[in-house]
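The values are calculated or read from the model by the stated rules, or taken from the named source; none is laboratory data. The shown structure was predicted, so the numbers you read here are calculated from the model rather than taken from an experiment. FYI the Cβ positions are ideal-geometry reconstructions off the backbone, even for glycines, and counts take in every protein chain you see.
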Amino acid sequence: MNDFKIIGYNKDLRTDTHVIYAQIGIINYLQLVGDKFDEFDIQRKRESHKGYSRLKSDIKKGALIPPITLALKPSLVNKFLPLVKTEQTVKLEQELISSSIVYILDGLQRTHLMKDLLEEGHKYDVKQKLLLEFWFEKEMGNLMYRLIVLNSGQKPMSMRHQIELLFMTMQEKLNADIPGLIMYNERDLKVRDGAKKFPFERIVTGYHSFLNESPEIDKGKIIVEKLDLGKVITDQELVILERYSDYTKYLTEYLKIDAEAFRVYEKFKAYTGAKNWLADENVVNSFFAAVGLFDSVKEYKPRINNSLKKLLSDFKKSKPGEDPFALKEFDSIRQNFNPKQFNVGFITRKTIMACFQEYFRNDGLLSFKKCWELSNPNPKSIR
């Protein structure tokens, strides 16, 4: 039985997006969203929260479930808009219910619980209806913006996930511009297991460090600024922001060095995490802050290029087990940061940035051991 019924039409005036409201039974709703309803790239992963067990119990007892927000797949919006604009309700109901052509913007966790109950053998009462809100929006940026707003009053969406959503198009462009770069998102639940692999959020914060010439990143501020624009970074002129091509050029060289560093440090025992040092957030932000600072001065640009060529060459000549970055010296410095005297995260980033500055300033001719000595905020700490 098809119990899908459109009960109203509306429009979001900010984005000029057409919206319809509908009622549907739970069984038909689950058929509408299909078995792969959680594979929309911009969704967060399934959450485990103590409140969901209570919600599952309430659903089983027939509780009224909060409205669920769906979005038609953007590629299909033009096909449906004539029906929506002229309010051809019967035809629209038939077309929408015929196949799984929607994304879940708000209600993913509830949908998981409803499907769990069905698979457990629960029989839903035909009187238990859902209220749906359908968005007909062609611009993915507006859908991502809407997704963030919808989640703002629920279990907090991590800053990492919000940044991934806001810069989603930049991620696509980076994939096209830098062969070999592998980026993964929070919902992927991946752990770095090889060179040239980075959390996408780290590439974004590296870009901001490069632009601001500082490794200090306020992720909350980044999110607020983008939301205040009223749109996600999707337009070509916004993706190619100031110095984007410069950043990608240096990022490409960074990946080459990372590949060699992973090889040299893969079995290095003297410093935990040595093979992934270049993927560490403090290191990414500090390196690109130093590069951004030197890149902004015309006379210093050649020094960066010379230094990176020298560094790559040195790593290619290095054998597994050697320590080109002098991470043992860095670790000695880091271990002696007094948390009563310093904000450890801040002083760590400051020290790493200062080390790379020394390296660039001297065309890569100074050893990293010497650069660490010159950058040490507490020279007496090296044993």
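Kindly provide the set of residues from region 352-383 that are among the β-branched types (Val, Ile, Thr) and modelled with pLDDT of 95 or more, ordered by number.
The first filter runs over region 352-383 and keeps only residues among the β-branched types (Val, Ile, Thr), leaving 352, 382.
Within region 352-383, just ILE352 meets the criteria.
Listed conditions (1) outside any loop (DSSP other than H, G, I, E, B); (2) surrounded by fewer than 18 Cβ atoms within 10 Å (Cβ to Cβ); (3) of a type in the set (A, V, I, L, M) are all met by LEU365, apart from (1). Tell me, yes or no, whether region 48-70 has at least one residue that is at pLDDT below 85 and either in a loop (DSSP other than H, G, I, E, B) or outside the structural domain of LYS129 (by TED's automatic domain parsing) (or both). Taking every residue of region 48-70 in turn, at least one turns out to be at pLDDT below 85 and either in a loop (DSSP other than H, G, I, E, B) or outside the structural domain of LYS129 (by TED's automatic domain parsing) (or both).
Table: residues versus (1) surrounded by 15 or more Cβ atoms within 10 Å (Cβ to Cβ); (2) of a type in the set (Asp, Glu); (3) in a helix (DSSP H, G or I).
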{"residue": "TYR254", "(1), (2), (3)": "yes, no, yes"}
{"residue": "TYR271", "(1), (2), (3)": "yes, no, no"}
{"residue": "PHE288", "(1), (2), (3)": "yes, no, yes"}
{"residue": "ARG303", "(1), (2), (3)": "yes, no, yes"}
{"residue": "GLU322", "(1), (2), (3)": "no, yes, no"}
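Among residues of region 82-103 that are surrounded by 13 or more Cβ atoms within 10 Å (Cβ to Cβ), those with a beta-carbon under 8 Å from a residue that is among the polar types (S, T, N, Q) and not in a helix (DSSP H, G or I) at least six positions away or on a different chain give the pairs GLU93/ASN2; ILE97/ASN2; TYR103/GLN43.
Among the residues of region 249-281 satisfying the criterion of being β-branched (Val, Ile, Thr) and at pLDDT 90 or above, which is farthest from ARG202 (Cα to Cα)? First the steps, then the outcome.
As a first pass, look at region 249-281 and keep what is β-branched (Val, Ile, Thr): 252, 257, 264, 272.
If we keep only those that are at pLDDT 90 or above too, we end up with 252, 257, 264.
Numbers: THR252: 15, ILE257: 17, VAL264: 23 Å.
Restricting to residues being β-branched (Val, Ile, Thr) and at pLDDT 90 or above, the top hit is VAL264.
Residue pairs whose Cβ atoms lie under 8 Å apart, separated by 6 or more positions or on different chains, with the first residue in region 319-341 and within 16 Å of LYS370 (Cα to Cα) and without any contact (Cβ under 8 Å) to a residue 60 or more places away in the chain and the second of a type in the set (Val, Ile, Thr) and exposed (fewer than 15 other Cβ atoms within 10 Å of the Cβ), are GLU329/ILE382; SER332/ILE382; ILE333/ILE382.
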